[in-house]
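Take a look at the structure below.
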Amino acid sequence: MTMTTADRDRELVNILRGRDSAAAERLVATYRKRAHCLASPIVRNAEDAEEVIQDALWSATRPRHVGLSHRRQRSLREVGQL
């Protein structure tokens with residue numbers, strides 16, 4: 001059975017949730033050009049577009065709880081979202 005793009009993306013997200021650095025590199029390799037095409041016309045500056053892309057990809061690969069207060073992390077754990 002051939003994997004669809006949605007299947008590959010779903011698999012990549014699951015691997016990223018496991019904090020696999022190779023998956024993060026795969027994410028960048030897969031989506032960097034597409035992200036650049038989207039960001040460039042919006043920010044109208046190549047350097048800013050690169051920064052936006054880097055921030056977005058970093059955000060996509062970091063653990064969800066980074067930057068949350070201790071109280072917020074605890075409340076998310078209590079409802080099973082962390």
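The values are calculated or read from the model by the stated rules, or taken from the named source; none is laboratory data. Since this is a predicted model, take the numbers as computed values, not measurements. Here Cβ is always computed from backbone atoms with ideal geometry, including for glycine, and neighbour counts include all displayed protein chains.
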Unmet requirement for Ser40, which otherwise passes all of (1) in a helix (DSSP H, G or I); (2) modelled with pLDDT under 75; (3) among the polar types (S, T, N, Q): (2)
In segment 43-63, residue farthest from the chain's Cα centre (by Cα) [restricted to those that are in a helix (DSSP H, G or I) and in contact (Cβ under 8 Å) with a residue 40 or more places away in the chain]: Thr61
Top-ranked residue in segment 43-73 [being among the basic types (Lys, Arg) and exposed (fewer than 10 other Cβ atoms within 10 Å of the Cβ); ranked as modelled with the lowest pLDDT]: Arg71
Verdict on Ala35 being at pLDDT 85 or above and either in a loop (DSSP other than H, G, I, E, B) or among the small types (Gly, Ala, Ser) (or both): yes
